[in-house]
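*Asks:* This is the structure I have questions about; it appears just below.
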Amino acid sequence: MTEHPTTGRGLSFGPAAARYDDLRPGYPVDALRWAVGDRPVRVLDLGAGTGILGRALRSLGHAVVAVEPDPRMRAHLLATTPEVTALAGRAERIPLPGSTVDAVVAGQAYHWVDPEPAHAEGARAVVPG
């Protein structure tokens with residue numbers, strides 16, 4: 001990855017957050033159930049954007065903590081999905097203590113992630129087992 005997601009193009013969607021939220025596709029419920037399960041758990045949504053994935057997870061009964069570097073995307077997420085906890089941050093430096101979530105998802109943001117540090121951070125954030 002040559003460009004950090006909190007600079008340049010990584011913050012380019014913020015001015016169009018409402019349009020982004022209206023136009024981006026959702027997520028198939030069966031895929032979410034396969035990935036996270038049916039039992040309500042606490043899920044960390046990395047690169048949460050406007051909260052499209054977080055809302056889908058909430059509709060299945062999961063508690064969602066969203067991490068989003070773009071302040072305008074995060075503001076839209078909070079305005080449309082107040083029941084989700086939204087934090088400033090990124091996948092390579094998750095602003096949570098260790099062992100505090102049951103699952104980590106990245107939706108359509110994974111291409112912004114530097115895999116090695118992000119995977120280590122995700123593993124740190126997940127409850128063992």
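*Asks:* What does the accessible area per residue of segment 43-128 come to in Å², with a 1.4 Å probe and no ligands, DNA or RNA counted? Each step should come with its number before you reach the end.
*Replies:* Numbers: 3660 Å² over 86 residues.
I get 43 Å² per residue for this part.
*Asks:* Quick check: net charge around residue 81, other residues with Cβ under 9 Å of its Cβ, Lys/Arg +1 and Asp/Glu -1? The partial results should precede the final answer.
*Replies:* Details: positive: 55, 58; negative: 83.
Once all neighbours under 9 Å are counted, the net charge is +1.
*Asks:* A follow-up question, please. Can you give me the Rg/Rh ratio for segment 51-129, using Cα atoms for both radii and the Kirkwood formula for Rh?
*Replies:* 0.94
*Asks:* Now, a different point. Do any GluC sites (Glu not before Pro) in segment 66-129 lie in a loop, going by DSSP, with at most 14 other beta-carbon atoms within 10 Å of their beta carbon, and if so which?
*Replies:* Passing both the DSSP loop test and the Cβ count: 83.
*Asks:* First compute the accessible area of segment 25-76 with a 1.4 Å probe, then give the percent of it belonging to carbon and sulfur atoms.
*Replies:* 57 percent
*Asks:* Then there's this: Within a Cβ distance under 13 Å of residue 41, other residues only, what is the Lys/Arg minus Asp/Glu net charge?
*Replies:* That works out to +1.
*Asks:* Tell me which residues come under 5 Å, amide H to amide H, from residue 65 once H is placed; ignore anything under 5 positions away on its chain.
*Replies:* Distant-sequence amide H within range of residue 65: 43, 44, 45.
The values are calculated or read from the model by the stated rules, or taken from the named source; none is laboratory data. Source: prediction; values computed, not measured. Reconstructed Cβ throughout: ideal geometry from the backbone, glycine too, with neighbour counts over all protein chains shown. With ligands, DNA and RNA removed, areas are computed over all heavy atoms of the protein, side chains included. Shrake-Rupley method; radii C 1.70, N 1.55, O 1.52, S 1.80 Å.
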